[in-house]
Amino acid sequence: DDENTKTLSYTVEYYKDGTLADTEVESITVQILEPDTMNVAKDKINLVNKYEGYVLESTAPEVIPDIVNSGDTIKVNYVRRSDLSYIVKYLEDGTNVELADEKVVNNQTFGESVTEYAIDIEGYNKVNTEKTIIIAVSGNEINFYYTKRTDLSYRVEYYYNNVIDNEATE
């Protein structure tokens, strides 16, 4: 009898860092005399990569069951990745020649703000002295640019038999 049916459903709740981020409801219509249980569509539950920058931490229940009661909730908990890195490069402005060894900083958390400061490089002026980035899944690079110093001067002294010749000094 098509009129004697009922709807069964379960909910999948997705959490990001403990905050509810998304809800999906699976439902079916069955005959009224059928039990109040239903098969879990495990292939529809994202346990891998639902949110960029997040990894699966846990589920509740710990093992996703094959069958649930109507009205049950499955919780999927994601947390921010903390295995990311960023690179700091020290480059000559205009040529992108590396002026110092690049620095790699590991164990960074997705979405965190990071500020780096330029280092002093002999013979060069800093074009930018600090930079802030937000850690992403990829492309975390901070570039500091330097220009050659033009404000340097020098003096050439000429000595003959360990005596300075001031007339020849440039």
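The values are calculated or read from the model by the stated rules, or taken from the named source; none is laboratory data. Note that the coordinates shown come from a computational prediction; the quantities given were computed from them, not determined experimentally. Counting neighbours? That spans all protein chains shown, and the Cβs are built from the backbone with ideal geometry, glycine included. Just so you know, the surface numbers come from the protein's heavy atoms only, side chains and all, with ligands and any DNA or RNA stripped out. Shrake-Rupley method; radii C 1.70, N 1.55, O 1.52, S 1.80 Å.
Within the range 131-149, work out how many residues are part of a strand (DSSP E or B), touching a residue at least 40 places away in the same chain (Cβ under 8 Å) and not polar (S, T, N, Q).
Looking only at that region, the number is 7.
Which of the residues that make up the range 112-166 are of a type in the set (A, V, I, L, M), under 19 Å from residue 83 (Cα atoms) and open to solvent by 80 Å² or more (accessible area, probe 1.4 Å)?
Scanning the range 112-166 gives a single hit, 134.
So the check is Cβ under 6 Å with 6+ separation or different chains; which pairs have a first residue in the range 28-48 that's part of a loop (DSSP other than H, G, I, E, B) and a second one that's of a type in the set (A, V, I, L, M, F, W, C)?
40/68; 45/12; 47/56
Just name the residue that is farthest from residue 2 (Cα to Cα) out of those in the range 29-54 that are surrounded by 15 or more Cβ atoms within 10 Å (Cβ to Cβ) and hydrophobic (A, V, I, L, M, F, W, C).
45
Against the definition (touching a helix residue (DSSP H, G or I) at 6+ places or on another chain (Cβ under 9 Å), open to solvent by less than 80 Å² (accessible area, probe 1.4 Å) and of a type outside the set (S, T, N, Q)), how does residue 64 come out, yes or no?
Here the answer is yes, as residue 64 does meet what is asked.
If residue 94 satisfies every condition in (1) at positive phi; (2) in a strand (DSSP E or B) but one, which is the exception?
The failed condition is (2).
Taking the range 109-129 only, how many residues are in a loop (DSSP other than H, G, I, E, B), at pLDDT 95 or above and small (Gly, Ala, Ser)?
Residues in the range 109-129 being in a loop (DSSP other than H, G, I, E, B), at pLDDT 95 or above and small (Gly, Ala, Ser): 2 in total.
Scan (1) under 25 Å from the mean Cα position of the chain (by Cα); (2) over 20 Å from residue 138 (Cβ atoms); (3) among the charged types (D, E, K, R); (4) buried (at least 16 other Cβ atoms within 10 Å of the Cβ) for the single condition residue 81 breaks and write down its number.
(2)
Checking the conditions here, which among 89, 75 is of a type outside the set (S, T, N, Q), open to solvent by 70 Å² or more (accessible area, probe 1.4 Å) and in a strand (DSSP E or B)?
75
Does any residue of the range 41-61 turn out to be in contact with a helix residue (DSSP H, G or I) (Cβ under 8 Å, 6 or more places away or on another chain), over 30 Å from residue 130 (Cβ atoms) and not polar (S, T, N, Q)?
no
Test residue 26 against the criterion of being charged (D, E, K, R) and within 25 Å of residue 138 (Cα to Cα), and give yes or no.
no
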